[in-house]
Amino acid sequence: MPLNSLHILNFRNIESAELVLHPRVNLFYGENGAGKTSILEAISLLGRGRSFRSHKLKPLIQQGCAGVTVFGRLVGEDGSTRKLGVERNTRSADSFRLDGQSVASAAELAKILPLQVIYSETFELLVGGPLERRQFLDWLVFHVKHEFLPAWRQARQALKQRNTLLRSGRINADLLAPWDIELARNAETLHLLREEVFNLFNQELALLLQDLPALTSVNISYFGGWEEGVSLAEILRQNFARDGQLGHTSAGPHRADLKLRLGKMPAAEVLSRGQQKLFVCALRICAGRVFKQLTGNDCVYLIDDLPSELDEEHRLRLAKWLIELDSQVFITGVARKDLESVWNQLAVPRKVFHVEQGSVTATPINND
């Protein structure tokens, strides 16, 4: 269900903006610092409760204001509507609203407005640490497996309590036992859910990349966070002394990762920069494809500064993937010509907005 309209108040340099959006392609151009990325961040706030660039709230709020507000209206092909609203400020509790009713957390909004983001830090999926890859996989598992969120929350709480005891320096196995049981039980659930979704994802990725030989050679494997073939409960018992010395739990679902290799080498060390960028985009597109297959719904793509991240050939490839996926996309860029070129080649209907000093204006399509 795509966003039909967006209302932004006091978000960074945008004092107020009311946008009527295209159900598929929305392009935003303007100089650096004009507020283009702020629009994508506002959509992120609406769907995640936070910006994709930072967990901090204060930088998002326009100077001199107490808080920030974003409202959105989604319209389905059958005419059905959903309304989302987020109000966050530094003086009181955050407010998340769905169809006019308060909801407990941003997780409820994420179910209605699932987002995939491609921006400069997205490429950490290849060159960064396990956290980025684990969060990437968990996004998909969260959206397609209802059992995931409660198991993830319970595992996180057990891990927190276990680590607190380990850091105390005065612990024994009996004190850890209840948390070991809770962690191991939920970890097994998380592992099975992650593994099932990963296998589907890996199959779909092979299909997506089948005409790109340099990228089909990349092997992706899933690591659950502890030694395969041994229960986590047994691993926790074996690591009792070691974890006590470390002051934290060294094995578990919080150590899960995706291993990306080309032959025996990490893929990031073999692929060119252009290949790395396209491969990471393929991972994001593939997540949307699996999401659609399993739920029947589309996710929304936020793509920041696309021309600087991909050359013309790879921008065209990404655009074709997005068109096939039939998702709503929001894309920013500095130069209008560079931003529109691939969509002109593909004759794709769209809306174009000019962003200048926090002001957002819809402009006619340039077909040159």
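Computed quantities for the displayed model
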{"quantity": "Most fluctuating residue given options N172, N199, N89, as computed from a GNM of the chain linking Cα atoms under 10 Å", "calculated": "N172"}
{"quantity": "Net charge of Cβ neighbours under 15 Å - reference V290; Lys, Arg +1; Asp, Glu -1", "calculated": "-2"}
{"quantity": "Distance in nm between pseudo-label sites at H146 and R237 (7 Å out along the Cβ direction from Cα)", "calculated": "3.6"}
{"quantity": "Calculated log₁₀ intensity ratio I(q)/I(0) where the Debye formula runs over C-alpha points of the chain, q = 0.09 Å⁻¹", "calculated": "-0.57"}
{"quantity": "Percent carbon-and-sulfur accessible area, the stretch 257-322, ignoring ligands, DNA and RNA, probe 1.4 Å", "calculated": "48"}
{"quantity": "Computed Rg/Rh of the stretch 321-368, alpha carbon atoms with Kirkwood Rh", "calculated": "0.96"}
{"quantity": "K83 versus D174: modelled label distance in nm, points set 7 Å from Cα along the beta carbon direction", "calculated": "5.8"}
{"quantity": "Degrees between helix 173-208 axis and first principal axis of the chain (Cα, 0 to 90, nearest 10)", "calculated": "40"}
{"quantity": "Difference of contour (0.36 nm per residue) and Cα-Cα distance, Q63 to Q161", "calculated": "31.4 nm"}
{"quantity": "Highest to lowest packing among 31-44, 349-362, scored as the average C-beta count within 10 Å", "calculated": "31-44, 349-362"}
{"quantity": "The chain, helix-only ellipticity at 222 nm - DSSP H runs n ≥ 4, -39,500 (n - 2.57), divided by all residues, nearest 500", "calculated": "-14000 deg cm²/dmol"}
{"quantity": "Convex hull of the stretch 243-307 built on C-alpha atoms - directionally averaged projected area, nm²", "calculated": "7.9"}
{"quantity": "For the stretch 327-338, 3J(HN,Hα) per residue [Karplus equation, 6.51 cos²θ - 1.76 cosθ + 1.60, θ = phi - 60°, Hz, x = Gly/Pro]", "calculated": "8, 7, 10, 10, 10, 10, x, 7, 8, 4, 4, 5"}
{"quantity": "Spatially proximal lysines relative to K83 (Cα-Cα < 29 Å; intrachain offsets below 8 disregarded)", "calculated": "K36, K56, K58, K111, K145, K292, K351"}
{"quantity": "Euclidean distance between Cα centres, the stretch 257-285 to the stretch 45-114, Å", "calculated": "33"}
{"quantity": "The stretch 155-284 - accessible surface per residue (Å², probe 1.4 Å)", "calculated": "52"}
{"quantity": "DSSP bridge pairs, the stretch 214-357: antiparallel proportion in percent, nearest 5", "calculated": "70"}
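The values are calculated or read from the model by the stated rules, or taken from the named source; none is laboratory data. Just so we're clear, the structure is a prediction, and the values are computed from it rather than from any experiment. FYI the Cβ positions are ideal-geometry reconstructions off the backbone, even for glycines, and counts take in every protein chain you see. Just so you know, the surface numbers come from the protein's heavy atoms only, side chains and all, with ligands and any DNA or RNA stripped out. Shrake-Rupley method; radii C 1.70, N 1.55, O 1.52, S 1.80 Å.
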